[in-house]
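Notes follow the structure.
Just so it is clear, none of the values below were taken in a lab; they were calculated from the coordinates. This one's a predicted model, so the numbers in the text were calculated from it and none came from an experiment. With ideal geometry, Cβ positions are generated from the backbone for all residues, glycine too; neighbour counts draw on all protein chains shown.
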Amino acid sequence: MNELKKIEKLIIDFGLSMREAKVYTTLFHKKDFTAAEIQQLVNIPRTKVYEVMQLLISKGLCAEIKIGRLKKYQAVKPESSFNGLLQKYKEDISVKENIADNVIKILSPIFEQIKEKDNPLDYIEVIRDSQQIHEKFVSNIALTNHELLAFSKAPYSVPYIVDHEKEIEALKRGVKFRSIYEYKDAVKQELVEVIDIWVSAGEEARVIPGLPMKMIIFDDKITMFALDDPISLKPSITTLVINHPSFTKALKYVFESCWEKAMPFEEYRIKSKESPPEADQPLANTSVREKMS
């Protein structure tokens, strides 16, 4: 772990504060930490620990997980973290790239070593960073062998197949995709265009007036879902990932119930043609297929 001292200086040169650097390198001593454990090791006030953890999460360097009521923090894969940070720099990019390469070279083997020591209770993960959410979604797609079930809520945008290679690969290798799309009257034709692309790729689709949340179920094992903010009632980026077959089984009952009530896509297509044209509505810059982000 002496090499972690080298990392502190490197990531300070990269742009992190001294306090951020100390807390970040501490995360590589074991798989995960509570705020109290970090406080003891770094010797900073508890309130400052939470502040620094949120900064590291916002920069994609750290992830927050929950085990029951217990909140823990763990480092994100260094390669993903620092490659993501590099995209934010426009000046001195060559210097930053050199620092990032050195950090990744040192931290990656340490990261893999601590990841091998799995905690059997680590089946709940809370992710608040959009890039991490996307990466988790893509990694789960790659591991899916049989079936993917999805609740897809507005806002929608027309997805381009080239941006979703992992899903197309999964469809080609025989993974069964079933999606239920929430529809709004003001975007009927746009929704038809969106769904049509994925039905053409092999997905089974139905539509329904309302869905309780955004959700994806992978192979009866893993569930990703995002709930609207209970105060503002607006969509929230915060996503929970639960790797537990019993929980997934319960959510599958919810999905199947909605599937039975939902309208087949072909029927919706016909109805949309029969309806009077709606005023053009700009589509939000949110990909349908990146349902959790």
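Which value, in Å³ per residue, describes the convex hull spanned by the Cα atoms of segment 1-40?
Numbers: hull volume 2.7 nm³, N = 40.
Output value, Cα hull per residue: 66 Å³.
With labels modelled as points extended 7 Å from the Cα through the Cβ direction, what inter-label distance (nm, one decimal) is found for K273 paired with S58?
For the pair K273/S58, the computed spacing is 5.1 nm.
Which whole-number percent gives the relative contact order of segment 3-120, counting Cα pairs below 8 Å spaced six or more residues apart? Write down the numbers at each step before the final one.
Numbers: 131 pairs, mean separation 33.0, N = 118.
About 28 percent, as a whole number.
What are the lysines whose alpha-carbon lies under 22 Å from the alpha-carbon of K252, with same-chain residues fewer than 8 places away excluded?
Cα-Cα hits under 22 Å: K136, K153, K176, K214, K221, K261, K291.
Using the structure shown, select from K5/K71; K9/K105; K6/K30; K31/K66 the pairs with a Cα to Cα distance greater than 23 angstrom.
Working: K5/K71 27 Å; K9/K105 15 Å; K6/K30 18 Å; K31/K66 14 Å.
Flagged as over cut-off: K5/K71.
Sorted by average packing, counted as other Cβ atoms within 10 angstrom per residue and highest first, what order do 203-215, 40-52, 134-146 take? Could you put the intermediate results ahead of the total?
On the way: 203-215: 17.7, 40-52: 14.4, 134-146: 16.2.
Ranking the peptides 203-215, 40-52, 134-146 by packing returns 203-215, 134-146, 40-52.
For K66 paired with E97, estimate the spin-label separation in nm (one decimal), with each label point 7 Å from Cα along the Cα-to-Cβ line.
Calculated label separation equals 4.1 nm.
Given labels modelled 7 Å from the Cα in the Cβ direction, how far is it in nm from A36 to K261?
4.3 nm
Quick one: order C258, C62 by neighbouring beta-carbon count within 10 Å, fewest to most. Can you show the working numbers first?
Working: C258 19, C62 24.
The order, fewest Cβ neighbours first, is C258, C62.
Rounded to the nearest 0.05, what FRET efficiency do S17 and N83 give with R0 = 22 Å and r taken as the Cβ-Cβ distance? Could you check? Write out the running numbers ahead of the final one.
Values: r = 21 Å, r/R0 = 0.95.
Calculated value: 0.60.
Going by a ≥ b ≥ c, the root eigenvalues of the Cα gyration tensor, does segment 3-120 fall in the rounded group (a/c under 1.5), the prolate group (a/b larger than b/c) or the oblate group?
In terms of gyration-tensor shape, prolate.
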